[in-house]
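Read the structure below first, then the notes.
The values are calculated or read from the model by the stated rules, or taken from the named source; none is laboratory data. Only a predicted model underlies this, so the values are computations on that prediction, with no experimental measurement involved. Every residue, glycine as well, gets a Cβ built from its backbone with ideal geometry; the counts of neighbours run over all protein chains shown.
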Amino acid sequence: MSEPLLEVRGLVKHFRDSSGLLGRRKGLPVRAVDGVDLTVAPGETLGLVGESGSGKSTLCRAVLQLKRPDAGSVRFEGRELVGLSQRQLRSLRPRMQMVFQDPDASLNPRKRVGDIVGYPLALHGIASGAELRREVGELLERVGLSAEHHRRYPHEFSGGQRQRIGIARALATRPKLILADEPVSKLDVSIRAQIVNLMRDLQREMGLAYLFVAHDIGVVRHVSDRIAVMHDGKVVEEGPADLVCEQPREAYTRELLAAVPVPDPREARARRARLSA
Amino acid sequence: MSEGPLLEVRDLSVSFTTEEGVVQAVDGVDLDVAPGEVLAVVGESGSGKSVTALTMMGLSRGSNAAISGSARIGGTDVVTAREPELRRIRGERIAMVFQDPMSSLDPVHRIGDQIAEQIRAHREVTREEARRRSIELLEAVGIDEAAKRVDAYPHQFSGGMRQRAMIAMALSLEPSLLIADEPTTALDVTVQAQILELLRELNRARGLTIVLITHDMGVVAEIADRVAVMYAGRIVERGSLDEVFYDPQHPYTWGLLGSLTRIDRPRPERLPQIPGAPPSLLDPPQGCHFRPRCPHEFERCPRVPGLEPRLPDQPGHLDRCWLDPTEKRERRPLGEVGS
């Protein structure tokens, strides 16, 4: 196996529950991420599934050092990220980007699409002027939009197109790794497949690796080479995507899979009959 | 099945006047819901499924709304009924639960008080009687230690328990029809399974008729007896659960079923996708609304196809597509559900 692109070891992130609202005693730390190990190889997709409160979103933020971990190590391209200064991290940011769940919340409605997609290029001093405009046009076409769209504003696009804009922005700096946090869960079913296919095409063309975080196991299994199942801040099971779905080892994974509705009435009936027997 | 339908919707249309023009949200919807059945209305955002549901409760009215057609429950047409009559129907005959329980639960009042208050507003019962009834309802929807939890506030409940409490409140006046609009969409998958089981149980044990509004074909397969597929304001296909899943007649339904991910089947290399996006309801395409995205478009499609039975052996299976059934079976992509 090749050198991992991302290697997370013993990652811990906890929050102090000063309000007591999380149902624990006041002042006791909540271990949102509780000793997580995972690796992502170049060009690979690692799917991270878990229910709400499992810690998957906090894990993402701790990997990107948007939230500083309390313990553990995050190595990206062999380099330790934990403990780096903001300035040192900034020089690495172009190589690891993020795609968010809600394109509406992550795209500035007052900016033109060209400025949104071109911003990372300008920020990191990668391109400017005519070259930047040409790059932006290429990026828009690469995600299935048109170069002419750069003059428009986000509200002029459909939800699926806005997610394409978010992906184009993430691709602008030619990253090696994209952390995608529920990238299709707000999209309608008929649009979801388009975005999933687009992400796979881009992966092949550009040699991208994804850390694909989602609660929808069906989607995760479709896009992932490997799946890690998170529960209560820990990765409880990890393995090849088909194996985890077809022969889950852990009770929690089995419970999760058994709860996924099967879009096949005969199979759904047979499963209910098995469960009640 | 000598009984007539519990709910009978005929040529229901709802449009809203907006700054940008008239939005035709619901466009000639026909539905029958038989007593004791679970009907799933499935569609994407903008399909008109939620506006249809709200209209059954008389909740889509407004100065900018134009509603035509009829929706009869018992002897009452909720489209034309006056507000006092609607108030009697809501809760008593039709009740509704929503995706977000906090839209129905008041955060500053105890759960039990909210249920009891609703009962006392409609029935002449004592405070004690209403409280006893609230506890029974909470028990009936599977809340443990209901006698204790009846005094909890909504924030002390988990998402799944809130959804159960909202269902308890909806059932408090013993309605015959429950409309559930995306009741499990905001829930984790394990909690979703529990709520679906609860709805199945209420349907089985109490004969509660359910109209379930959802975007999720998995949820549909788990609970529905019959299915209506909506697209851009219209029902494009309607039939029994198995007819719609195993012999789908409308190309939009093919697309929906084809693009599903399955955890119990080998995964395809590419997920079949429907190109494009749903049309603007300000200016929908002429004729079939799915036409611009349909790979099977031909010269008849610019005329609106009626929602009709087209299969002699499936009289209750209706669709809105001009292709003849033999052509459909030839063109329909196989390898998905039902193969």
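Which one is surrounded by the fewest Cβ atoms within 10 Å (Cβ to Cβ), of the residues in segment B:126-158 that are acidic (Asp, Glu) and either within 31 Å of the chain's Cα centre (by Cα) or outside any helix (DSSP H, G or I) (or both)?
B:Asp144
From the residues in segment B:237-283 that are among the acidic types (Asp, Glu) and without any contact (Cβ under 8 Å) to a residue 40 or more places away in the chain, which one is surrounded by the fewest Cβ atoms within 10 Å (Cβ to Cβ)? For segment B:237-283, the residue satisfying everything is B:Glu269. When segment A:166-195 is limited to residues that are more than 14 Å from chain B (Cβ to nearest Cβ) and part of a helix (DSSP H, G or I), the one that is farthest from A:Asp104 (Cα to Cα) turns out to be A:Leu171. Summed over segment A:162-189, residues that are among the polar types (S, T, N, Q) and surrounded by fewer than 22 Cβ atoms within 10 Å (Cβ to Cβ) total 2. Screening B:Cys288 with (1) surrounded by fewer than 24 Cβ atoms within 10 Å (Cβ to Cβ); (2) more than 14 Å from chain A (Cβ to nearest Cβ); (3) among the hydrophobic types (A, V, I, L, M, F, W, C); (4) touching a strand residue (DSSP E or B) at 6+ places or on another chain (Cβ under 9 Å) gives one miss only, at (1). A:Gly159 meets the conditions (1) touching a strand residue (DSSP E or B) at 6+ places or on another chain (Cβ under 9 Å); (2) under 17 Å from A:Asp102 (Cα atoms); (3) small (Gly, Ala, Ser) in every case but one. The failed one is (1).
Considering each of A:Ala214, A:Ala277, A:Ala228 in turn, give the residue that is at pLDDT below 95, closer than 30 Å to A:Pro175 by Cα and either more than 8 Å from chain B (Cβ to nearest Cβ) or more than 20 Å from the chain's Cα centre (by Cα) (or both). Result of the check over A:Ala214, A:Ala277, A:Ala228: A:Ala214. Among the residues making up segment A:101-111, those that are out of contact with any strand residue (DSSP E or B) (no Cβ under 6 Å at 6 or more places or on another chain) and surrounded by 16 or more Cβ atoms within 10 Å (Cβ to Cβ) are A:Asp102, A:Pro103, A:Ser106, A:Leu107. Among residues of segment A:89-100 being in contact with a Phe, Trp or Tyr (Cβ under 8 Å, 6 or more places away or on another chain) and surrounded by fewer than 18 Cβ atoms within 10 Å (Cβ to Cβ), the one that is farthest from A:Phe212 (Cα to Cα) is A:Leu92. Of all the criteria given as (1) modelled with pLDDT of 90 or more; (2) out of contact with any strand residue (DSSP E or B) (no Cβ under 9 Å at 6 or more places or on another chain); (3) surrounded by 13 or more Cβ atoms within 10 Å (Cβ to Cβ), the one not satisfied by A:Gln86 is (3). Taking the criterion of being at the interface with chain A (Cβ under 7 Å from one of its Cβ atoms), closer than 14 Å to A:Asn197 by Cβ and outside any loop (DSSP other than H, G, I, E, B), the only residue of segment B:241-283 that qualifies is B:Gly255.
Looking at B:Tyr252, is it farther than 30 Å from A:Gln247 by Cα and at pLDDT 90 or above?
Numbers: farther than 30 Å from A:Gln247 by Cα: yes; at pLDDT 90 or above: yes.
Taking the combined requirement at face value, the residue satisfies it.
Out of curiosity, is A:Arg266 free of Cβ contacts under 8 Å to residues at least 24 places away in the same chain, touching a helix residue (DSSP H, G or I) at 6+ places or on another chain (Cβ under 7 Å) and surrounded by fewer than 20 Cβ atoms within 10 Å (Cβ to Cβ)? So A:Arg266 does not fit the description; no. Selection of segment A:248-266 for residues being closer than 21 Å to B:His215 by Cα, at the interface with chain B (Cβ under 7 Å from one of its Cβ atoms) and outside any loop (DSSP other than H, G, I, E, B) yields A:Leu256, A:Leu257, A:Ala259, A:Pro265.
The single condition among (1) in a loop (DSSP other than H, G, I, E, B); (2) of a type in the set (A, V, I, L, M); (3) touching a residue at least 24 places away in the same chain (Cβ under 8 Å) that A:Leu89 does not satisfy is (1). Residues of segment B:172-187 include none that is in contact with a Gly (Cβ under 8 Å, 6 or more places away or on another chain), touching a residue at least 24 places away in the same chain (Cβ under 8 Å), surrounded by fewer than 21 Cβ atoms within 10 Å (Cβ to Cβ) and acidic (Asp, Glu).
The condition of being at pLDDT 95 or above and not hydrophobic (A, V, I, L, M, F, W, C) holds for only one of B:Arg87, B:Arg110, that being B:Arg110. Of everything in segment A:231-247 that is away from chain B (no Cβ under 11 Å) and without any contact (Cβ under 8 Å) to a residue 60 or more places away in the chain, the residue that is surrounded by the fewest Cβ atoms within 10 Å (Cβ to Cβ) is A:Gln247. Annotation: of all residues in segment B:213-257 being within 13 Å of the chain's Cα centre (by Cα) and of a type in the set (Asp, Glu), the one that is nearest to B:Val9 (Cα to Cα) is B:Asp225. Of everything in segment B:205-236 that is within 13 Å of chain A (Cβ to nearest Cβ) and under 22 Å from B:Gly4 (Cβ atoms), the residue that is surrounded by the most Cβ atoms within 10 Å (Cβ to Cβ) is B:Leu212. Selection of segment A:143-164 for residues being within 18 Å of A:Ile195 (Cβ to Cβ), among the hydrophobic types (A, V, I, L, M, F, W, C) and away from chain B (no Cβ under 14 Å) yields only A:Val143.
With respect to B:Ser45, determine if the residue is of a type in the set (S, T, N, Q), in contact (Cβ under 8 Å) with a residue 12 or more places away in the chain and touching an Asp or Glu at 6+ places or on another chain (Cβ under 8 Å). Yes, satisfied. Output yes when any residue across segment A:113-129 is touching a strand residue (DSSP E or B) at 6+ places or on another chain (Cβ under 8 Å) and more than 14 Å from every other protein chain (Cβ to nearest Cβ), and no when none is. Yes, segment A:113-129 contains a residue that is touching a strand residue (DSSP E or B) at 6+ places or on another chain (Cβ under 8 Å) and more than 14 Å from every other protein chain (Cβ to nearest Cβ).
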